[in-house]
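J.: Dumping the structure here so I can ask a few things about it.
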Amino acid sequence: MKRLFTSFALMIAASVATAEDVTTYMLDNGMEVVVIEDARAPVVVHMLWYKVGSADEPVGASGVAHFLEHLLFKATDVLESGEFSATVAANGGSDNAFTSYDYTAYFQRIASDRLELMMQMESNRMNNLRITAADVETERQVVLEERNQRTENSAGALAREQFRAAQFQNHRYGVPIIGWKHEMEQLDLTDALDFYDLYYSPNNAVLVVAGDVKPDEVLALAEKYYGVIPAEANLPVRERPQEPPQRAERRITYVDQRVSQPYLVRSYLAPERDPGAQTEAAALVFLADLLGGSSFTSALGQALQFDTQTAIFTSASYDGSNLDSGTFSLVVAPSEGISLSVAEAAMDETVAAFMDAPIDPERMESIRTQLRASEIYAKDNVQGLARRYGAALTQSLTIADVQAWPDILQAVTEDDIKAVAAKVFNRDQSVTGWVVASQEEAR
């Protein structure tokens, strides 16, 4: 019966999971426009993505990308401070923004007949921001308080910051997106405006419009509002400092009395999704599920939580949505009375046993079915689709790469998984972190 259900689910998935209806344009000023049609509801998502994130910041000005994201909600030459979001809300919509290592994005979700208003306002703040020294002082305190709440007040967040800084020895992925506190405190008006003037330009942006729209109408609006903005002639080539060969394992013990449950993390450098070369990334998606997905079916969960009761929690995760190198991580929280060294040895033994044994074909089919189902469900989230394409295009992938991804996932084999696992599980490219409340627990 189980096999019958799996076969039926795959057959239904194959018949439904067709590629989205995507149309692309390139404006004369170098701005890319992506339209995803979905007429099931009279709603549109308007997203503007800039190909700049925290990993593109000048050395010594960490946090400026995220800081500028906040400042974009201040005044422009035609909008008062706060008027942008107030206008969106008054028209029944919602808006927000977010910053990553590789991009900064601004979005509005609103009735489709309000799209022109969104384009008018968003294009205005691309080139006409009017921030003052007072704005900078006020918003800097807001961002510092955000860091206090999300990072300084969290032992886990502070530990992750240290582990990531050790993982990336030369690349800016080792610097927190929100910034190092001592550098955030020094950010000023010049830092913000220099970053804005250089990177917030049409030839460094991707416009994604998804929902109840027609491509030709979107193009006409984009040309009217964004097409008149001049390209940035001095936009630099996007080159970041890359990692040198990593030749030695790094180990960190993070001690914080607020830690209620000791745990260990092992993070490895891993391949990212690259244009035309996504097979390794797809295999790592499977590897994360096989090692640390469900505690009932994953290798770590079965061995450490059920068979030996060495751990109360296990997980594995893969972060490959990056312009540059990704990471593959394992986490184990030991059971009461089990030391971190014993838990780590058990984790390593489990991974070694996994590498030596064949992969259960039924587990492979189960993961394929789950991934296919998630691709289908994703089509019901227009904002999620817009985010998928925007993130990909700002991280060097293409529309074709995004649309090929589901089939690449379905084609992953056991050999693919074992090959990429052997490549990734190199202790010289790893950071092992222990998180404890006291040095007595670090044993």
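J.: If the requirement is being within 15 Å of S298 (Cβ to Cβ) and within 22 Å of the chain's Cα centre (by Cα), which of these qualifies: Q370, Q403?
T.: On the way: Q403 fails: within 15 Å of S298 (Cβ to Cβ).
Just a single option satisfies the conditions, and that option is Q370.
J.: Going through E217, E223 one at a time, which residue ends up being open to solvent by 40 Å² or more (accessible area, probe 1.4 Å), more than 30 Å from V431 (Cβ to Cβ) and touching a residue at least 40 places away in the same chain (Cβ under 8 Å)?
T.: Sole residue among the options that is open to solvent by 40 Å² or more (accessible area, probe 1.4 Å), more than 30 Å from V431 (Cβ to Cβ) and touching a residue at least 40 places away in the same chain (Cβ under 8 Å): E223.
J.: Still on this structure, I have one more. Does any residue in the range 81-104 that is assigned to a helix (DSSP H, G or I) come within less than 7 Å, Cβ to Cβ, of a residue that is exposed (fewer than 14 other Cβ atoms within 10 Å of the Cβ) six or more places away or on a different chain, and which pairs are these?
T.: Once the first residue is assigned to a helix (DSSP H, G or I) and sits in the range 81-104, its partners that are exposed (fewer than 14 other Cβ atoms within 10 Å of the Cβ) give V88/S94.
J.: Given the conditions (1) of a type outside the set (G, A, S); (2) modelled with pLDDT of 95 or more; (3) out of contact with any Ser or Thr (no Cβ under 9 Å at 6 or more places or on another chain), which single one is not true for Y318?
T.: Here Y318 meets the rest and fails (3).
J.: Mind listing just one residue for me: the one in the range 289-315 that is at pLDDT 95 or above and among the β-branched types (V, I, T) and, of those, farthest from V431 (Cα to Cα)?
T.: Here the residue is T308.
J.: Could you check, for the range 273-287, whether at least one of its residues is out of contact with any His (no Cβ under 9 Å at 6 or more places or on another chain), within 22 Å of G156 (Cα to Cα), crowded, with 21+ Cβ neighbours inside 10 Å and not basic (K, R)?
T.: Within the range 273-287, the subset out of contact with any His (no Cβ under 9 Å at 6 or more places or on another chain) is 273-287.
With the extra rule that they be within 22 Å of G156 (Cα to Cα), the set shrinks to none.
No, the range 273-287 contains no residue that is out of contact with any His (no Cβ under 9 Å at 6 or more places or on another chain), within 22 Å of G156 (Cα to Cα), crowded, with 21+ Cβ neighbours inside 10 Å and not basic (K, R).
J.: Among (1) open to solvent by less than 50 Å² (accessible area, probe 1.4 Å); (2) over 21 Å from T369 (Cβ atoms); (3) not β-branched (V, I, T), where does L290 come up short?
T.: Of everything listed in (1) open to solvent by less than 50 Å² (accessible area, probe 1.4 Å); (2) over 21 Å from T369 (Cβ atoms); (3) not β-branched (V, I, T), L290 misses just condition (2).
J.: Of these, Q108, Q120, which one is farther than 22 Å from R238 by Cβ, touching a His at 6+ places or on another chain (Cβ under 9 Å) and either open to solvent by less than 40 Å² (accessible area, probe 1.4 Å) or in contact (Cβ under 8 Å) with a residue 12 or more places away in the chain (or both)? Break it down stepwise before answering.
T.: Values: Q120 fails: touching a His at 6+ places or on another chain (Cβ under 9 Å).
Answer to the check: Q108.
J.: Spot the failing condition for T190; the list is (1) open to solvent by 20 Å² or more (accessible area, probe 1.4 Å); (2) modelled with pLDDT of 95 or more; (3) within 30 Å of V45 (Cβ to Cβ), and only one is missed.
T.: (3)
J.: What are the residues in the range 301-323 that are in contact with a Phe, Trp or Tyr (Cβ under 8 Å, 6 or more places away or on another chain) and open to solvent by less than 20 Å² (accessible area, probe 1.4 Å), if any?
T.: Across the range 301-323, the qualifying residues are A316, N322.
J.: Considering the range 138-159 alone, what residues qualify as being open to solvent by 70 Å² or more (accessible area, probe 1.4 Å) and without any contact (Cβ under 8 Å) to a residue 24 or more places away in the chain?
T.: Here is the first cut: in the range 138-159, the ones open to solvent by 70 Å² or more (accessible area, probe 1.4 Å) are 138, 141, 145, 149-150, 153.
Across the range 138-159, the qualifying residues are T138, Q141, E145, Q149, N153.
The values are calculated or read from the model by the stated rules, or taken from the named source; none is laboratory data. Small disclaimer: the values here were computed from a predicted structure and weren't measured. Methodologically, a virtual Cβ is constructed for each residue, glycine included, from the backbone with ideal geometry; neighbour enumeration extends over all protein chains shown. The accessibility values were calculated without ligands, DNA or RNA, using every heavy atom of the protein model including side chains. Shrake-Rupley method; radii C 1.70, N 1.55, O 1.52, S 1.80 Å.
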